[in-house]
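To start, the structure under review is shown below, and the notes come after it.
FYI, it's all coordinate maths here, none of it is from the lab. On a predicted model such as this, the values are computed, not experimentally measured, just so you know. Counting neighbours? That spans all protein chains shown, and the Cβs are built from the backbone with ideal geometry, glycine included.
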Amino acid sequence: MTHLSAAAKTAILMKALERGKTPLKEIASANNVGLSTLTRWINSYKEGDVPNEPKLQKASSDITPAQKLHHISACYCLQDDALGAYCRQHGFYSHELQQWKSEFLKALAKPDATKNEEKSALILWKKKCADLERDVKRKDKALAEASALLIF
């Protein structure tokens, strides 16, 4: 029987409370916790029993982006049990790994969005430039016609 720290319990509990459509059974199995235990934690939390705040540990914010990417790539093909063991060995939680992955994907998606914005802005400027050139040509013709009428 493995005893979890207060930080681990809190992290699992918060993940369960913010699960969305993910079933509790899946969260419990991913974190090697019994479904009944997780349900008991949720019920006690709803009754006002807040678990102790975790002691200061090495925060995941202390991990550099390069290290995060290394951990993401190392855990890519790991199953739940192996993933849990890897996370425990390196001092972070599996939900943090998922969060890092989503942050990297968001960061990779941003340049595409800015490229599309730049592309659309460029198209608008080209269109405006073409309209102005057309307008200048029309005014040049009108000026030439008006000067020709004044000369004769």
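Please give the length that would be gained between residue 36 and residue 120 if that part of the chain were fully extended, namely 0.36 nm times their separation in residues minus their C-alpha to C-alpha distance (nm, one decimal). My answer for the length gained is 24.8 nm. Here the Karplus relation 6.51 cos²θ - 1.76 cosθ + 1.60, evaluated at θ = phi - 60°, turns the backbone of region 124-139 into coupling constants of 4, 5, 5, 5, 5, 5, 4, 4, 5, 5, 4, 5, 5, 4, 5, 5 Hz, with x for every Gly and Pro. In the elastic network of the chain, a GNM with C-alpha springs shorter than 10 Å, the most mobile of 135, 81, 62 is 135. Spacing of the modelled spin labels on residue 89 and residue 3, each 7 Å from Cα toward Cβ, amounts to 2.5 nm. Straight-line reach from residue 25: taking Cα to Cα under 17 Å and skipping same-chain neighbours fewer than 8 places apart, the lysines in range are 9, 15.
Can you give the calculated 222 nm mean residue ellipticity of the chain, where each DSSP H run of n ≥ 4 adds -39,500 (n - 2.57) and the sum is split over every residue, rounded to the nearest 500 deg cm²/dmol? Kindly include the intermediate steps, with their values, before the conclusion.
Values: 6 runs with 110 residues, N = 152.
The helix contribution divided over the chain gives -24500 deg cm²/dmol.
Helix 65-74 sits at what angle to the longest principal axis of the chain, using alpha carbons and giving 0 to 90 degrees rounded to 10? Orientation of helix 65-74: about 60 degrees from the principal axis.
Neighbour counts of C-beta atoms inside 10 Å place 63, 12, 123 in the sequence 123, 63, 12, starting with the fewest.
When Rg/Rh (Cα atoms, Kirkwood Rh) is calculated for this entry, the matching label among (1) 1.03; (2) 1.47; (3) 1.06 is (2).
Say we join alpha carbon atoms closer than 10 Å with springs in a Gaussian network model of the chain; which of 28, 130, 16 then has the biggest fluctuation? Of the options given, 130 has the highest mean-square fluctuation.
Got a sec? How would 38, 122, 24 order by Cβ neighbour count within 10 Å, fewest to most? Before the final figure, lay out each step's value.
Details: 38 21, 122 10, 24 14.
Listing 38, 122, 24 from fewest to most nearby Cβ atoms yields 122, 24, 38.
Think of each Lys and Arg Cβ as +1 and each Asp and Glu Cβ as -1; about the Cα centre, that makes the dipole of the chain roughly 360 debye.
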